[in-house]
Each structure stands twice: as structure tokens, then as C-alpha cells.
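Derivation of every value follows stated rules applied to the coordinates shown; laboratory data play no part. Please read all numbers here as calculations on a predicted model, not as lab measurements. Reconstructed Cβ throughout: ideal geometry from the backbone, glycine too, with neighbour counts over all protein chains shown.
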Amino acid sequence: MPKNIAVIGAQFGDEGKGKIIDFLAEKADVVARFNGGNNAGHTIEVNNNQTILHLIPSGILHKGTINIIGNGVVVDPKVLMEEINGLTDKGVKVTPDNLVVSENAHIILEKHIKEDKEKNKHLGTTARGIGPAYTDKAARAGIRVVDYINQNNEFSKTLSSFVKNTTLLINNLINTDKKILFEGAQGTLLDIDHGTYPYVTSSNSIVGGICTGLGIGPKKIDEALGVAKAYTTRVGNGPLPTELKDETGKQIQDIGKEFGATTGRPRRCGWLDALMCKYSAMVNGLDAVVLTKLDVLSGLEKIKICIGYKYKSKIIKEFTTDVEILENCEPVYEELSGWKEKLDGMNDFNELPENAKKYIKRIEELIEVPVCIVSIGPGRDQTIILRKEFLF
Ligand code: IMP
């Protein structure tokens with residue numbers, strides 16, 4: 001049984017990581033974020049009550065869980081304060097005991113947001129200042145949380161009570177056998193090094209980002225879970241080979257409520273891309289996959305899985321980050337029969353419609369990684385466990 005689990009987006013973000021982290025957090029002592037900032041939008045639903053988190057880790061709704069914002073995250077102090085106040089208003093206690101912010105995380109300033117809005121339209125960024133803040137970090141012109149507090153800025157007094165040396169903290173927590181969840185933001189294909197550059201975010205959203213974004217050794221990560229939707233979505237610009245610009249795409253968008261949690265933008269929808277998921281499994285060393293939103297596909301007569309790209313009359317069988325190919329290829333599909341039944345109330349793999357089971361099995365075969373959880377709705381109870389050996 002793993003002690004420390006990484007939960008990583010296997011596609012373009014919005015795979016449902018927030019729900020899965022919240023589900024796993026019941027048994028975790030710590031949830032730690034290592035990358036990104038308030039470009040993320042993690043939607044959690046408990047007792048029909050929805051909470052959208054952008055910066056605070058998704059363990060915050062569990063009493064006694066320590067939530068860490070690591071050094072690899074970029075922090076907009078105003079947004080952090082708003083999020084703390086919003087949760088407090090909802091009756092969720094946020095104190096220095098359950099939220100800790102790294103002194104080495106970099107600060108998003110007003111100028112970063114302005115620059116993001118002015119210069120990054122062609123990329124379709126979330127315009128939250130993420131890229132420019134990381135640019136200043138790399139240029140050694142950034143301001144860290146510790147510097148911001150020392151300079152006595154607007155939110156520094158409140159912020160300072162949450163600030164600690166999180167590298168020391170997390171290593172101590174690991175050494176005392178606490179159960180840790182490493183919460184990824186965005187997804188593998190948005191990773192600055194391994195994604196569809198330049199249509200990516202400005203941090204490492206893959207497992208590798210955990211070591212630098214929190215200051216721990218690679219051997220401390222016991223297991224990597226990849227979260228993948230049963231189809232694919234992308235918000236913002238950039239290639240999406242399996243994109244459906246037809247009625248089926250619209251249907252998936254409507255039923256799946258595919259609108260961005262951060263910007264409200266409609267998400268582009270398409271079939272599952274097995275090449276992409278297999279690539280994610282490789283770069284993250286995935287041990288298992290969590291397949292989300294399977295319920296959205298109920299009622300479709302046929303379901304397709306992309307198993308190759310046809311480009312200039314050649315069939316490509318491995319994923320590529322060459323945007324020219326991704327934008328101009330024709331997906332090669334395998335077609336499976338769909339299922340009519342709604343999945344509401346199903347608790348066990350064996351209760352699923354035969355064709356849904358076949359779909360899951362085929363995905364496992366194609367990406368060569370077992371599926372350990374299937375999610376069939378936003379609620380905590382809409383979660384089917386297939387292989388509990390991958391969970392706490
Ligand atoms: P940025 O991270 O705001 O710079 O945006 C870069 C790209 O990543 C854009 O296509 C965004 O739409 C996308 N992006 C950033 N964060 C998320 C996320 O949490 N979910 C999905 N897409 C995201």
C-alpha cells in the first residue's frame with residue numbers, strides 16, 4: 001500500500017483531479033501542491049455543495065489535513081486571501097495549522113497579470129499572470145513570498161502567518177510516515193517541457209515537477225496516479241487531434257458541463273486519445289489511471305478511441321509534441337459500441353453496462369496501465385474502485 005501518492009493530469013487539465021484528491025484526502029494527512037497557480041480550477045462537490053479552489057489544495061475540506069502550497073507554485077496574494085475568506089464564509093476553517101505556504105514560492109504581481117492579458121492572447125492563457133511570474137522567476141527578477149513579506153506589502157501581515165519553510169516541513173512529514181498526496185495542477189500535455197509547446201503552461205505539471213516544486217527526493221514518491229477523462233477536453237488554444245466539431249462534441253460538452261472552472265470558457269471536446277494517454281503514462285511513470293466522467297458517454301451509440309495519427313499518408317503510432325503534426329493529422333480511430341444506461345447509483349465494476357466494461361478494458365490494453373478508479377459523477381459517492389491496492 002502506498003504512503004505517498006502523486007495525482008497528475010494525464011491530458012490537458014480539467015480531468016477531475018480535484019474530486020479525486022478530495023476523495024483520497026479522506027485517508028491522507030497532507031495534500032501538497034507543487035506547480036501552477038490560480039490558473040487551476042479544482043471543483044469539489046460535497047453533499048451537493050460545490051466549492052471551486054484555484055490555489056488552496058483540495059484537501060482543505062477535510063478536517064485535520066495539512067495543505068501545503070509548495071515553492072514551485074506561483075501565488076497571487078490577493079487571490080489567496082479571497083479564497084481563504086470565501087472558505088471561511090462557508091464554514092471551512094483555514095488556519096496556519098491546515099494551510100502552509102512556502103516562503104520560496106514566487107509572487108504574482110499586478111504587472112504580471114497585465115502582461116499576460118496583453119501579450120499571451122494567441123496562446124489562450126487564463127490571463128492570471130502565471131507565465132510572466134514564472135518568466136521573472138527564471139530571469140531572477142521575481143519576488144518570493146519571503147521577500148514580499150519583508151517588503152511589507154498589502155497582504156503581507158495576514159499572509160505571513162501561513163508562511164513556513166515547507167521543504168523542511170514536508171520532508172519531516174514524510175519521515176514521520178504521514179500519508180501525502182501530491183496534487184498536480186493542469187495536465188501532462190500542458191507541461192512546459194513535455195506538452196504541446198508553446199500551447200502549454202509555464203511550469204512542470206508532470207510527476208518530475210514534484211521534486212523541484214516541493215524539494216523532495218524522487219524516491220519519496222511511492223506511486224503516480226494519472227487522472228484521465230473518458231474523453232478529451234482542452235481549454236485555450238493549441239492542437240487537439242480528436243476534437244469533435246459536430247453534434248457529438250456539443251452533446252459531450254453539454255452533458256459534461258465542459259466550461260472552464262477558472263475562466264468559464266467552453267472546453268473543446270473530443271474522443272479519448274490513447275496515444276496521448278500512453279505518452280502521459282510514460283513521462284509520469286504512471287502506476288494506474290483514474291478514469292473520470294464515464295457517465296457523460298452514456299447514450300452514445302458509438303464511442304471512438306484514437307489509436308494513431310495519419311499524417312502525409314503515413315500512420316504514426318506514438319504521440320508527438322510536434323504541433324505541426326498534431327494540428328494537421330487525421331486521427332485513426334477504433335470504434336466501440338456505446339451503452340444506453342445511466343450509471344447513477346452503480347457502485348461496482350460488475351454493475352456497469354457490458355460495453356462500458358469493454359471500453360475500460362480496451363483503454364487499459366491500449367495505454368498499458370491498469371485503471372484503478374472510475375468516476376461516474378461529481379459526488380464522493382459516485383466513485384467506483386476497481387483496484388484498491390493503488391489507494392491508501
Ligand atoms: P496559463 O497557465 O494561464 O499560462 O495558460 C496556458 C494554457 O494552459 C492555456 O491553454 C490555459 O487554458 C491552460 N490551462 C492553465 N491552467 C489550466 C487548468 O487548470 N485546466 C485546464 N487548462 C489550463
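At a glance:
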| read-out | value |
| --- | --- |
| Protection proxy ranking, peptides 179-191, 300-312, average beta carbon neighbours within 10 Å, highest first | 179-191, 300-312 |
| Sites E247 and K312 - FRET efficiency at Förster radius 41 Å, r taken between beta-carbons, to 0.05 | 0.90 |
| Cα long-axis angle, helix 77-89 against the chain (0 to 90 degrees, to the nearest 10) | 80 |
| Order by protection proxy (mean Cβ within 10 Å, highest first), peptides 231-243, 4-16 | 4-16, 231-243 |
| Estimated distance in nm for a label pair at E389 and L168, the labels positioned 7 Å out from Cα along Cα-to-Cβ | 4.0 |
| About the Cα centre, charge dipole magnitude for the stretch 170-240 (Lys/Arg +1, Asp/Glu -1 at Cβ), debye | 100 |
| For peptides 32-43, 210-221, sequence by mean Cβ density within 10 Å, most packed first | 32-43, 210-221 |
| Label point distance in nm, E324-K357, each placed 7 Å from Cα along Cα→Cβ | 4.7 |
| Cβ-Cβ FRET estimate between K257 and A139, R0 fixed at 45 Å, reported to 0.05 | 0.70 |
| Charge dipole (the chain, unit charges on Cβ, about Cα centre) - positive-most of C211, G41, T158 | T158 |
| Distance (nanometres) between label positions extended 7 Å along Cα→Cβ at M81 and K340 | 5.8 |
| Magnitude of the charge dipole, the stretch 1-146, Cβ model with Lys/Arg +1 and Asp/Glu -1, debye to 20 | 260 |
| Kirkwood hydrodynamic radius over Cα pairs of the stretch 101-183, then Stokes diffusion coefficient at 4 °C and 1.567 mPa s, in µm²/s | 89 |
| Surrounding net charge for G16, when Lys and Arg each add one and Asp and Glu each subtract one, Cβ distance under 9 Å | +2 |
| Using alpha-carbon coordinates, inclination of helix 354-367 to the longest axis of the chain, degrees | 70 |
| DSSP-defined antiparallel bridges as percent of all bridges, the chain, nearest 5 | 40 |
| Sites D348 and K93, calculated FRET efficiency, Cβ-Cβ separation with R0 41 Å, nearest 0.05 | 0.70 |
| Listed pairs K164/K219; K178/K278; K178/K220; K17/K245; K121/K293 exceeding 20 Å between Cα atoms | K164/K219; K178/K278; K17/K245; K121/K293 |
| The chain - charge dipole about Cα centre, Lys and Arg +1 at Cβ, Asp and Glu -1, debye rounded to 20 | 380 |
| Net charge contributed by nearby residues that have their C-beta within less than 13 Å of H42 (K/R +1, D/E -1) | -3 |
| Using alpha carbons only: equivalent-ellipsoid semi-axes of the chain, gyration tensor based, whole Å | 33, 24, 19 |
| Options T201, A141, G9, ranked by Cα towards positive dipole end of the chain, top entry (Cβ charges) | A141 |
| Overall Cα dimensions of the stretch 4-227, principal axis frame, Å, largest first | 43, 39, 38 |
